Amino acid sequence: MAGRIRDEDVKAVRDAVPIDVVVSDYLQLRNAGGGNLKGLCPFHEEKTPSFQVSPSKNLYYCFGCQEGGDTLDFVMKVDHLTFSEAVERLAAQAGIQLRYEEGGYTPGRQQSERTRLVEAHKVAAQFFAEQLATPEAEVGRRFLAERGFDRAAAEHFGVGYAPAGWENLVRHLRARGFSDKEMLVGGLASEGRRGPMDRFRGRLIWPIRDVAGDVVGFGARRLSEDDKGPKYLNTPETPLYKKSHVLYGIDLAKKDIAKTSRAVVVEGYTDVMACHLAGVTTAIATCGTSFGEDHIRILRRLLMDTGEFRGEVVFTFDGDAAGQKAALRAFENDQKFVTRTHVAVEPGGMDPCDLRLARGDAAVRDLVDSRVPLFEFAIRSRIQGYDLDTEEGRVAALDAAAPIVARIKDHALRHSYAVRLGGLLGFLDERFVVDRVRYLERLRREREAAGGAQPQRNGQPQRNGQPQRNGQPRPGATEAARGGRPTAPLLDPRDPRQLIEREALKLALQQPALVAPAFDNYREDEFTAAPYAMVRRAVSEAGGVGAGALAGGDWVGWVRECAPDDRLRALVTQLAVEGLRTRKEADGLREYAAKVLVDLRLQAVDREIARMQSQLRRMGRGTDPEHALAVQAEHMALTRYREALKADGAAAL
């Protein structure tokens with residue numbers, strides 16, 4: 001068992017390594033004022049930085065989770081180390097030789113298990129790197145050369161070679177004082193019939209380092225067809241190596257990730273090498289697993305991923321079906337970032353390594369710079385293969401892509417992509433797509449609130465978030481538009497379009513004479529919010545605002561009686577008593593009503609013009625000329641009507 005580290009050596013370690021230098025290995029720090037630094041806490045999830053470091057006091061403290069202490073406390077907490085292990089790690093970093101109370105310094109006996117395993121991996125990495133220069137490793141050097149990597153590149157990344165024998169590394173580590181148990185526990189050897197044998201044999205080797213730069217595992221690439229093992233063989237799960245917690249290249253990329261607020265996630269070791277050599281020095285890769293939540297936590301801290309400081313994560317994937325599938329998996333994790341997330345796919349299907357070899361370093365940089373938002377990539381991937389020239393194909397593509405848009409949590413972004421999806425599919429009715437997405441988003445929230453249970457509407461089962469009728473999903477937006485029972489109100493008081501719609505309905509209920517008879521000429525589909533469209537229908541069924549101007553105090557009661565259920569009746573009541581967004585009275589109120597009606601119509605005309613423009617963009621060479629001329633004529637007429645509304649106001653209604 002290790003002896004007690006001398007107190008003076010512990011103090012020397014504390015004084016030798018500044019706390020901000022240590023913490024910066026794990027997260028990005030920014031000036032917090034008063035000589036302090038701040039960043040995202042590595043000990044709990046947060047969206048705004050509450051973790052502060054005081055270099056002058058050599059202390060840290062999180063105001064969110066109340067974790068605090070000195071440099072050793074931080075290392076113990078963040079890497080789950082014992083006190084001795086933390087001291088040994090920082091001592092090695094500072095070049096301090098530790099002394100132990102029981103008999104002085106004895107390296108093979110008194111260091112902690114973790115420190116011994118780290119040292120064993122360091123020795124193994126040096127061994128593999130030296131073996132790359134041997135005659136046996138010619139096949140490995142040829143593999144690297146064929147992919148554009150010279151000796152200097154191999155040395156920079158520590159690439160090595162594992163000899164084909166059974167005990168080359170085992171014998172080397174034994175000679176350096178490491179036990180068989182340490183080799184087995186560290187995943188450097190496997191148990192054979194006659195004792196430990198090398199885990200990696202006849203393969204090209206990449207050392208995998210943690211964020212602090214320690215070698216914690218290896219990735220090994222098959223070089224011979226006679227090798228019946230997997231193409232890539234990684235270190236198994238060990239006390240050092242947790243594949244969900246490591247990112248290949250993070251030790252080289254972390255400073256530039258923090259500096260540029262950009263991380264580039266590639267798929268393999270050679271892709272990381274190619275990117276770094278091409279100047280994309282923020283490239284990293286997962287190690288034998290998909291990109292997951294633990295990887296996100298590492299990047300969020302390095303990117304300072306908050307609402308105040310937004311960075312960028314770029315995923316590069318092969319252009320084939322597997323690459324697209326990987327991108328859609330990345331989409332599942334996207335919204336755990338605050339940062340912007342993009343995808344870069346080379347049209348010819350080449351990965352960064354192949355691209356650099358074929359077209360040079362500039363092509364790799366251009367690939368990353370040509371990124372597209374992950375949401376857009378996911379949507380385009382889903383609608384590929386559908387015949388968008390037919391109504392059936394467009395509806396089927398909408399069924400495939402709308403659930404993706406509905407999962408976007410940011411309201412403004414979700415609405416923007418719903419409109420964009422409608423344009424991509426060529427739907428003339430933008431509200432049809434927007435309402436469909438809103439419906440699916442509401443079902444998603446209901447499922448989350450119910451703990452994942454599948455909700456039902458009117459006793460009908462759900463499939464893919466859509467109610468079924470006769471075994472078929474109901475395409476389309478709202479149940480109200482089909483005459484069924486209304487859905488729960490989905491209203492956003494921050495949406496400027498809905499503000500105008502709400503004002504128009506309040507005027508229709510509170511001041512029907514001011515908006516008669518013009519209001520009765522407005523269609524239900526000029527109200528983008530489904531609940532407001534239902535209130536508009538109730539106004540019409542109650543006789544319209546013309547009748548309301550004569551009904552006096554009974555008017556709101558009439559509209560309430562025409563509302564289909566209690567929720568809509570409650571909304572009618574709310575609109576009838578809510579104050580108007582103006583302080584004008586008498587003639588001034590009439591002017592305000594006219595402006596609201598004009599603004600409401602302008603919104604509808606603008607949407608119609610956008611639909612026409614989308615349709616015109618989608619017209620190909622095979623489009624019927626007469627149809628094309630008709631669409632162009634309608635577009636021109638709408639444009640002229642819009643100009644008249646802007647110039648003449650209510651007189652043009």
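No value in this document is a laboratory result; all are computed from the given coordinates. Computed from a predicted model, the values in this text were never measured in an experiment. Counting neighbours? That spans all protein chains shown, and the Cβs are built from the backbone with ideal geometry, glycine included.
Miscellaneous remarks
- In percent, rounded to a whole number, the relative contact order of the chain is 7, using alpha-carbon pairs under 8 Å and six or more apart.
- What you get for the chain, charging only the Cβ of Lys and Arg (+1) and of Asp and Glu (-1), is a dipole of about 420 debye around the Cα centre.
- Degrees, to the nearest 10: 566-577 long Cα axis against longest axis of the chain: 70 degrees
- Cross-link pairs exceeding 20 Å between alpha carbons, from the set LYS77/LYS259; LYS77/LYS255; LYS38/LYS254; LYS122/LYS228: LYS77/LYS259; LYS77/LYS255; LYS122/LYS228.
- A crude spin-label estimate for the pair GLU155 and VAL21, with each label 7 Å from Cα along the Cβ direction, gives 2.5 nm.
- Order by protection proxy (mean Cβ within 10 Å, highest first), peptides 79-85, 634-640, 437-443: 437-443, 79-85, 634-640
- The modelled label-to-label distance between ASN31 and VAL372, using points 7 Å beyond Cα along the C-beta direction, is 4.1 nm.
- Nearby aspartates and glutamates by direct alpha-carbon distance to LYS11 (threshold 19 angstrom, same-chain neighbours under 8 apart not counted): ASP20, ASP70, ASP73, GLU85, GLU88, GLU101, GLU102
- As a proxy for reagent exposure, PHE432, PHE315 were ordered by neighbouring Cβ count within 10 angstrom, fewest first; the result is PHE432, PHE315.
- Taking amide H as placed 1.01 Å from N in the peptide plane, the amide H of GLY217 sits under 5 Å from that of ILE208, each at least 5 places away or on another chain.
- Remark: the ASP565-ASP361 segment gains 67.0 nm on full extension, using 0.36 nm per residue and subtracting the alpha carbon distance.
- Note that segment 436-444 has calculated 3J(HN,Hα) couplings of 4, 5, 4, 5, 5, 5, 5, 4, 4 Hz, one per residue in order, obtained from phi through the Karplus relation 6.51 cos²θ - 1.76 cosθ + 1.60 (θ = phi - 60°); glycine and proline are x.
- Amide hydrogen neighbours beyond the local backbone of GLU167, cut-off 5 Å, H modeled: ASP198
- Karplus (6.51, -1.76, 1.60) ³J(HN,Hα), θ = phi - 60°, over segment 40-48, in Hz, Gly and Pro reported as x: 6, 5, x, 9, 7, 6, 8, 9, 10
- Full-stretch length increase - ALA547, GLU626 - with 0.36 nm per residue and alpha-carbon distance subtracted: 24.1 nm
- Furthest towards positive pole of dipole, GLY39, ALA362, VAL78, structure part the chain, Cβ charges: VAL78
- Added length on full extension, which subtracts the Cα-Cα distance from 0.36 nm per residue, ASP180 to GLU591: 139.0 nm
- Proxy reagent accessibility, fewest Cβ within 10 Å first, across ILE250, ILE296, ILE408: ILE296, ILE408, ILE250
- Structure-derived percent of Cα pairs over 50 Å apart - corresponding label in (1) 19; (2) 32; (3) 13: (2)
- At R0 = 41 Å, FRET efficiency that the Cβ-Cβ distance of GLN613 and GLU392 yields, to 0.05: 0.95
- In segment 496-650, taking the dipole from charged Cβ atoms about the Cα centre, the farthest positive-side position among GLN615, VAL539, LEU505 is held by GLN615.
- For segment 7-109, the gyration tensor built on C-alpha atoms gives a prolate shape. Its axis ratio a/c (a ≥ b ≥ c) is at least 1.5, and a/b is the larger of a/b and b/c.
- Angle in degrees between helix 7-16 and the longest Cα principal axis of the chain, rounded to the nearest 10: 50 degrees
- Ranked packing of 282-289, 598-605, most packed first, by mean Cβ within 10 Å: 282-289, 598-605
- The angle between the Cα long axis of helix 321-334 and the main principal axis of the chain comes to about 80°, on a 0 to 90 degree scale.
- Proximal lysines to LYS595, defined as alpha-carbon separation beneath 20 angstrom and excluding residues fewer than eight positions away on the same chain: LYS506, LYS584, LYS646
- Residues with amide H under 5 Å from that of LEU59, placed H, sequence gap 5 or more: SER54
- Projecting label points 7 angstrom from Cα along Cα→Cβ for ARG583 and GLN97 puts them 8.2 nm apart.
- The string of couplings for segment 195-208 from the Karplus curve (6.51, -1.76, 1.60, θ = phi - 60°) is x, x, 10, 4, 6, 10, 9, x, 10, 7, 10, 10, x, 10 Hz, one whole number per residue in order, with x for Gly and Pro.
- A protection proxy built from the mean count of other Cβ atoms within 10 Å ranks the segments 646-653, 264-271, most packed first, as 264-271, 646-653.
- A straight Cα-to-Cα reach below 17 Å connects LYS409 with the lysines LYS47, LYS336, residues fewer than 8 places away in its own chain not being considered.
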